[in-house]
Amino acid sequence: MGGILQFFDTLVTTVRDVIPIAAIIFGFQFLVLRKPVTNMRQILIGFGFVLLGLAFFLQGLEQALFPLGKLMAQQLTAPEFLGISATASEISNNWQHYLWVYLFAFAIGFSTTIAEPSLIAVAIKANQVSGGAVGTWGLRIAVAIGVAVGISLGAYRIITGTPLHYYIIAGYVIVIAQTAFSPKSIIALAYDSGGVTTSTVTVPLVAALGLGLSSNIPGRNPLLDGFGLIAFASLFPIMSVMGYAQLSEWQARRASKTRGAHYGE
């Protein structure tokens with residue numbers, strides 16, 4: 001009974017959050033464009049599905065994903081599992097003992113990004129607009145690798161307690177350098193790829209992982225160290241997508257030179 005009441009409370013909160021969006025859309029349609037909405041019945045049914053879907057999703061986060069992420073972080077950082085003592089100094093000096101944490105962070109980052117609905121939508125649109133030049137799976141895998149590497153590095157930062165801004169500043173310096181040499185047609189898509197990764201599937205698990213690590217590692221503060229993984233998940237896909245485009249361009253030039261040399265003979 002408590003779960004049902006909690007779900008209805010979540011549903012009411014969701015309705016309250018979605019009403020302003022609906023008011024803006026219908027307000028522009030009726031007051032600015034001054035045209036009737038076609039298929040009004042279908043749109044209203046769709047809004048109902050959105051409200052129910054968001055409510056179920058938020059309820060699922062609280063009951064499953066957040067607790068699961070924290071539990072995995074707690075188990076993977078347990079001193080008896082790692083074979084070290086629970087002092088902060090030993091943890092900082094033995095960061096290599098956390099190999100399973102890095103592997104789990106990489107795997108969870110890759111898998112959640114591949115399943116991210118917003119990334120799938122952007123990849124499909126990019127494939128359509130580019131006439132097939134941007135592969136749907138190629139883009140999704142490139143972004144997923146970037147997120148996986150970023151979250152693994154973010155987990156290393158939490159474990160070692162190093163400042164966040166060192167990584168972010170260095171990362172954006174690399175992004176700026178890549179931007180100067182990347183194909184112009186991929187730059188905007190690469191920057192957008194950093195945003196679509198931080199959505200409904202990735203954020204809850206990544207946030208739970210960061211808070212779980214910072215809560216269970218001695219000497220770490222959840223407020224100071226627990227957040228920041230989302231920044232890594234937004235930054236590194238920009239690098240990986242531009243790197244993927246640069247590699248593809250280099251391979252195309254190499255193949256063109258090889259064909260030219262073959263015909264020249």
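Results, tabulated for the structure shown:
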{"quantity": "Accessible surface of the chain, 1.4 Å probe, proportion on carbon and sulfur as whole %", "calculated": "70"}
{"quantity": "Helix-derived mean residue ellipticity, 222 nm - over the chain, DSSP H n ≥ 4, -39500 (n - 2.57), to 500", "calculated": "-26000 deg cm²/dmol"}
{"quantity": "Ser130-Ala188 pseudo-label distance in nm [points 7 Å out on the Cα-to-Cβ vector]", "calculated": "1.4"}
{"quantity": "GNM top mover of Ala252, Ala190, Ala64 - the chain, alpha-carbon springs below 10 Å", "calculated": "Ala252"}
{"quantity": "Candidate lysines - alpha carbon under 29 Å from Lys125, same-chain residues fewer than 8 apart omitted", "calculated": "Lys35, Lys184"}
{"quantity": "Top positive-direction residue, dipole computed over the chain with Cβ charges, set Gly146, Ile45, Ala170", "calculated": "Ile45"}
{"quantity": "Heavy-atom accessible area per residue - segment 12-78, 1.4 Å, Å²", "calculated": "72"}
{"quantity": "Stretchable slack from Ile25 to Ile4, in nm (0.36 nm times residue separation minus alpha-carbon distance)", "calculated": "4.5 nm"}
{"quantity": "Listed values [x] 17.5; [y] 21.1; [z] 15.8, entry calculated as mean projected area of the Cα convex hull in nm²", "calculated": "[y]"}
{"quantity": "Gain upon complete extension [Leu52, Phe227; 0.36 nm per residue less C-alpha separation]", "calculated": "60.1 nm"}
{"quantity": "Net charge dipole size for the chain [Lys, Arg +1 and Asp, Glu -1 on Cβ; Debye, nearest 20]", "calculated": "900"}
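The values are calculated or read from the model by the stated rules, or taken from the named source; none is laboratory data. Remember, it's a predicted structure, so these values are computed and weren't measured experimentally. Note that each Cβ is placed from the backbone with ideal geometry, even for glycine, and that neighbours are counted across all protein chains shown. Quick note on the areas: whole protein, heavy atoms, side chains included, nothing else; ligands and nucleic acids left out. Shrake-Rupley method; radii C 1.70, N 1.55, O 1.52, S 1.80 Å.
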